[in-house]
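Below: one structure, written as structure tokens.
The values are calculated or read from the model by the stated rules, or taken from the named source; none is laboratory data. Since this is a predicted model, take the numbers as computed values, not measurements. Every residue, glycine among them, receives a Cβ derived from its backbone with ideal geometry; neighbour counts consider all protein chains shown. We work out accessible area using only protein heavy atoms, side chains counted, and drop any ligands, DNA or RNA first. Shrake-Rupley method; radii C 1.70, N 1.55, O 1.52, S 1.80 Å.
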Amino acid sequence: MLFNPYFADLSNVYLFAEAENRLRAFLARTKPNNVIKMGIGDVTQPLCAAAVEAGKTAVEEMGKAESFRGYGPYRGYPFLIKSIAAYYKSRGISLDEDEIFISDGSKSDVAGFTDLFAKDNTVLLQDPVYPVYADANILHGRKIVYASATMENGFLPLPDERVKADIIYLCSPNNPTGAVYSAADLEQWVAYAKSMGAVILFDAAYEAFVTEDKKVRSIYEVRGADEVAVEFCSFSKTAGFTGVRCGYTVVPKKLANLNALWFRRQSAKSNGVSYVTQRMAEAALTNEGQKQTAAAREVYRKNAQVILQALRKTGVFHTGGVNAPYIWFKCGGSSWDFFDRLLNEVQVVGTPGVGFGRNGEGFFRLTAFNTYKNTVEAMRRIQSVLRA
Ligand code: MLT
């Protein structure tokens, strides 16, 4: 038996697992009861009432012989696919229903999509960015090149024709910086992908947090994007489904034969998401459900304001938080040292910027996903460290 040799090229521990390990060691040592978590982007608001009711009804259905269901369709149930198509339609984007695939979340799909491509492809990633894109491609042994996201370019790198790439990952609103591309920016990426014969894998998991009109929520707002781009989205942050698990991926039929390949891959490797979950997701997309999930996101938006106001007072460079649930600020020095310092001195957990890429060193990410009370308290403590 031989192991996949590319494991040797991964960092030893996944970013959020390492943060968890350090927290666990700290708790074992000191047993404090006042740790505030603003690290991994995990939601705190309960599920919306519409999803809860739909879940109850679906469980009841599963408990009766006449309405029981076994394996669902490989693409997902038509009722949820129709709701997602309508959600896009409400934003002016027309999709065919067989272009939408339901899954247990974007993380699985952005990683699993790499199965469709040969090893000999060059992958272009923003740096810093969500670490799963790199890890998934490292495991296939692919070459990775980076587009630097820096303070100078507003953390929104644009394509450089001199850099050759076959698979381009873009995350907007960006995890971790919160930066959001405009349509004009994405037009450049679409043109670049066309000129390279490349595919764009567009992670739109945070689209529902966009508040500024000129910022893009779907890459399909850009003309011609359906010839080059796949889009990943999720109910995790939009509807509080981090513990429920449901997401979807749009694979346009114009895009080579990726739609057929993804269907083949999904039917080979997955039996999809439970009926109950898909009914809950459908409910979250009804008019009532959307109003309710918007109210939960409003709590996070207010938290982001609290974080931004506190950072403004300290004078440290900070960004994000307006169109995204993440706030990115300059901590200086080693970001893991800053992580340890926050944990040990004031019992707040964040995420070190270097975990998202080399350019993230010296930066730190906070999430707006805790409660309002905890966010206010955490920022009081963080301010004391930043001022010290
Ligand atoms: C994050 O904190 O970056 C996200 O919650 C991770 C994820 O969605 O997998």
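Conditions tested, residue by residue: (1) at pLDDT 95 or above; (2) small (G, A, S); (3) closer than 22 Å to Y87 by Cα.
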{"position": "A256", "(1), (2), (3)": "no, yes, no"}
{"position": "A268", "(1), (2), (3)": "yes, yes, no"}
{"position": "N287", "(1), (2), (3)": "yes, no, yes"}
{"position": "K302", "(1), (2), (3)": "yes, no, no"}
{"position": "Q309", "(1), (2), (3)": "yes, no, no"}
{"position": "V322", "(1), (2), (3)": "yes, no, no"}
{"position": "L342", "(1), (2), (3)": "yes, no, no"}
{"position": "Q347", "(1), (2), (3)": "yes, no, no"}
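Here V222 passes the criteria (1) farther than 18 Å from S94 by Cα; (2) in contact (Cβ under 8 Å) with a residue 24 or more places away in the chain; (3) aliphatic (A, V, I, L, M) except the one numbered (1). Quick one: would you say G41 is more than 28 Å from V129 (Cα to Cα) and either part of a loop (DSSP other than H, G, I, E, B) or within 16 Å of the ligand (Cβ to nearest atom) (or both)? Criteria not met by G41. Every condition in (1) within 17 Å of T293 (Cα to Cα); (2) away from the ligand (no atom under 15 Å from the Cβ) is met by R245 except one, and the failing one is (2). Applying the criterion of being open to solvent by 60 Å² or more (accessible area, probe 1.4 Å) and within 16 Å of the ligand (Cβ to nearest atom) to the residues of the stretch 57-108, the residue that is nearest to the chain's Cα centre (by Cα) is K107.
From the list K302, K291, the one residue that fits, being without any contact (Cβ under 8 Å) to a residue 40 or more places away in the chain, closer than 30 Å to S218 by Cα and either among the hydrophobic types (A, V, I, L, M, F, W, C) or more than 16 Å from the ligand (Cβ to nearest atom) (or both), is K291.
Of everything in the stretch 16-55 that is touching a Ser or Thr at 6+ places or on another chain (Cβ under 7 Å) and closer than 18 Å to R341 by Cβ, the residue that is surrounded by the fewest Cβ atoms within 10 Å (Cβ to Cβ) is A19.
Filtered by the rule that a residue be surrounded by fewer than 19 Cβ atoms within 10 Å (Cβ to Cβ) and within 16 Å of the ligand (Cβ to nearest atom), the stretch 109-124 gives A111, G112.
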